1. Could you work out the Rg to Rh ratio of region 182-356, with Rh taken as the Kirkwood radius (inverse of the mean 1/r over all Cα pairs)?
2. Write down the Å³ per residue value for the convex hull defined by the alpha carbon atoms of region 1-95.
3. Which distance in Å, rounded to a whole number, links the C-alpha centroids of region 278-324 and region 160-176?
4. Excluding same-chain residues fewer than 8 positions from K339, which lysines have a Cα within less than 26 Å of its Cα?
5. For the chain, which DSSP H helices look membrane-span-like by this rule: Cα extent along the axis of 27 Å or more and mean Kyte-Doolittle of at least -0.5?
6. Among DSSP beta bridges whose residues both lie in region 182-356, state the antiparallel percentage, nearest 5.
7. Near L6, within a Cβ-to-Cβ distance under 11 Å, what is the net charge of the other residues, with Lys and Arg +1 and Asp and Glu -1?
8. Any idea what Rg and Dmax come out to for region 106-235 if you just take the C-alpha atoms, in Å?
Amino acid sequence: MTKRLLFVVNDPGFFISHRLPLAMGASKAGYDVHVATMSGDKVNEIVNSGFTHHVLPLSRSGKTPLAEFRAFLSIIKLFRWLKPDLVHLVTIKPVLYGGIAARIASVPGVVAAVSGLGFVFLAQGFKALLFRSVIKWLYRVAFDKHNLRVIFQNPDDRDTMLKLGAVHRDKVEMIRGSGVDLSRHPALPEPEATPVVTMASRLLRDKGVVEFVDAARKLRQRGIKAKFWLVGDVDPGNPATITPEELNTWKQEGLVELLGYRKDISELFSSSHLVVLPSYREGLPKVLLEAAACGRAVVTTNVPGCRDAIEPGKTGVLVPAHDSMALADAIQSLLDDTKLRQGMARAGRVLAEQEFAIEKIVQAHLDIYRDLELNVGGRR
């Protein structure tokens, strides 16, 4: 009997960028794959990829308690109607709401992907502390199911959740990121041109965008000849977003070239000499996996997720978060030392081949699916 697998992801664009290869792999393995997300431009791409799509009233941010409760009820309703054998929950709302809904709807098997603890665990102040307490309790309820596995991308997030008592150790799985298609990210030689330093991410403060721009400012003041590319869009639904006014100021200063959202990341990295991500915390940032696959050295921060995506001193350099001076110094050291930079680039490609190849990541997920199926004996 064909098993029905349902992915629940907040944003259809995130599903396309981070879970599409897994869904295709599951389909090839014989699963009837369904995808539930909020509405959006990328829904057509999901449908055109051959998957049945279901719209949920999810949102990027919590609008009102009533709207959030409506989203929760819609997930329960979908689970009861579709009767999936297995649900794979990705991003914080689907993990929390979907985990609880799966218990109510008696879904046989659940996979929850914790791809970073994110803004909730970075924010400060009384309101943030209170909100964090609620989230911790919700995690405990969502993960209190027998036939469930929680996938973490780095050991810090895993250990944090274990210390909170949010998940039992026997339900924990570790998979390093969402993988990268090596065939679409060739490692090409550096261009013989003015060095290019590239940062690609959503334009959020906690991604270290301000530090990247400030590092560019410092290096220009030192007389360093380099171009700085900032790739990505603002995110109005996120409280940490960079504002259009800030982007306009940076553009007028001529510190960075604003490339906006781009799909051709591998081409951009091939045209670059160095990839930078000064984030405050991550799950396991896909952009660093792509940089490694493209054979580019990395400068990133010594924080959960970022440090787990490189081999420090071998494929890249770690600097403290929130420290634009240290970031500028690390960038300059690698721009000045071509031999060191290119050696790290070659080692990055080897790391990508050994650890991040999409085939390996897909198989690791399929193994978890099969283990959960065995635990229910093939029954709903």
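No value in this document is a laboratory result; all are computed from the given coordinates. Not measured: the values here are computed from a predicted model. FYI the Cβ positions are ideal-geometry reconstructions off the backbone, even for glycines, and counts take in every protein chain you see.
1. Numbers: Rg = 14.7 Å, Rh = 15.8 Å.
Rg/Rh: 0.93.
2. Details: hull volume 7.9 nm³, N = 95.
Each residue corresponds to 83 Å³ of Cα convex hull volume.
3. Rounded to whole Å, the Cα centres lie 23 Å apart.
4. The qualifying lysines are K218, K225, K227, K286, K314.
5. Details: long enough: 358-376 (28 Å, 0.06).
Passing helices, by number: 358-376.
6. On the way: 1 of 19 bridges.
Antiparallel: roughly 5 percent of the beta bridges in region 182-356.
7. Residues close to L6 contribute a combined charge of +1.
8. Reported Rg and Dmax, both Å: 20.3, 63.
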